[in-house]
Protein chains: 2
Amino acid sequence: MRILGISGSLRRDSHNTRLLRAAAEMLPPGAELELFDGLGDVPPYNEDVDVEPAPAGVERLRRAIADADALLISTPEYNASVPGVLKNAVDWASRPFPDNALRDQPAAVIGTTTGLFGAVWAQAELRKVLRYAGARVLDEELPVPTAELAFTSDDLLVIPELGERLHDLLEALVREVDTPVESSV
Amino acid sequence: MRILGISGSLRRDSHNTRLLRAAAEMLPPGAELELFDGLGDVPPYNEDVDVEPAPAGVERLRRAIADADALLISTPEYNASVPGVLKNAVDWASRPFPDNALRDQPAAVIGTTTGLFGAVWAQAELRKVLRYAGARVLDEELPVPTAELAFTSDDLLVIPELGERLHDLLEALVREVDTPVESSV
């Protein structure tokens, strides 16, 4: 089972990328996590250029999502919401309607910030957006606060309770992959 | 009084750009509206490159906002929220904290979609985001549904009630510009 990890931050030393690495260390047996590294190559969405063939960065994003069995997106929070960069990628991935790469794709959202709330608002908005785009989004969330103190030097979560929560969320994601999609009428 | 109009869509024949043109036709005396045309030149936000001097497209955006007396942003709605392109521009404009161009800037949000709801969710989220970034955001909103039928060939709003609402919103925006900012303690 292949899970595609997408970090919503382009920063080289992104805390959210670290959180995905922490997730990679505690996957259920048989699952592996691949990090998507092309978020910065996705151009600004413009319906005028949303034609076939798609821009190369968009094609790569859509293919990576389509080839994965599930998505794990770790989002920072900018101005109390989803980073524009990440939302722009979802806007491209949500097209063309209705046969987009996100449709019926199992997805989980996690996130971390250097502040006290761990991107809870960004996670809530992103879950809403992904559901709207057709993904099968887990209700679970994982807000990891005070990102600078949250990880060991091996990119593991310092607080055992958060590690357990991440473990449970990953198990739920794998279960969602194994759950048959009900055909819509 | 100079109002900067920002359309959240990069599409050449954007309905939201038309809505800004409709607004330009009904401004209170003494106010003028200038359309910002550089949204597509704003690169994806990345804290690693958020240094002085800022990328040229960002510098232009920040200067246009700082030079204006007020903002009027017209947003489409992608996946039940703010377009990533527009949110990304706000993410750049919200920096550096706390002396960003948006701080204490009077701002109003309007929007139109081809659907029945006129971007109400995108408008609500964008107001929240702009407030968080420090702007003085009007509570008023203007959801214009069924965009393809909403405008005359002269870019005026077909439905008189929506025209009146836009007129009232613009008057409220101008009043907000004339309202002294309370100094924070």
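The values are calculated or read from the model by the stated rules, or taken from the named source; none is laboratory data. Model, not experiment: these values are computed from the prediction. FYI the Cβ positions are ideal-geometry reconstructions off the backbone, even for glycines, and counts take in every protein chain you see. These area figures cover heavy atoms from the full protein model, side chains too; ligands, DNA and RNA do not enter into them. Shrake-Rupley method; radii C 1.70, N 1.55, O 1.52, S 1.80 Å.
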Only one of B:ARG136, B:ARG131 is closer than 25 Å to B:VAL90 by Cβ and surrounded by fewer than 17 Cβ atoms within 10 Å (Cβ to Cβ), namely B:ARG131
From A:ALA124, A:ALA107, A:ALA101, residue being touching a Lys or Arg at 6+ places or on another chain (Cβ under 6 Å), within 14 Å of chain B (Cβ to nearest Cβ) and either in a loop (DSSP other than H, G, I, E, B) or of a type in the set (Gly, Ala, Ser) (or both)
A:ALA101
For segment A:69-99, enumerate the residues that are farther than 22 Å from B:PRO44 by Cα and open to solvent by less than 10 Å² (accessible area, probe 1.4 Å).
A:ALA70
Residue count for segment B:1-35, restricted to those that are open to solvent by less than 30 Å² (accessible area, probe 1.4 Å) and within 14 Å of another protein chain (Cβ to nearest Cβ):
7
Regarding segment A:155-166, can at least one residue be identified that is more than 14 Å from chain B (Cβ to nearest Cβ), in contact with a Pro (Cβ under 7 Å, 6 or more places away or on another chain) and either among the aliphatic types (A, V, I, L, M) or crowded, with 18+ Cβ neighbours inside 10 Å (or both)?
no
When segment B:42-52 is checked residue by residue, the ones that are within 12 Å of chain A (Cβ to nearest Cβ) and surrounded by fewer than 15 Cβ atoms within 10 Å (Cβ to Cβ) are B:ASP48, B:VAL49
Enumerate the pairs (first residue in segment A:65-90 and at the interface with chain B (Cβ under 7 Å from one of its Cβ atoms); second residue anywhere and in a strand (DSSP E or B) and small (Gly, Ala, Ser)) with beta-carbon separation below 7 Å, excluding pairs fewer than 6 apart on the same chain, so at least 6 apart or on different chains.
A:LYS87/B:SER81
The lone condition A:ARG63 fails out of (1) part of a loop (DSSP other than H, G, I, E, B); (2) out of contact with any strand residue (DSSP E or B) (no Cβ under 8 Å at 6 or more places or on another chain) is (1)
I need a count of the residues in segment A:5-57 that are free of Cβ contacts under 8 Å to residues at least 12 places away in the same chain, assigned to a loop (DSSP other than H, G, I, E, B) and more than 16 Å from A:LEU156 (Cα to Cα).
8
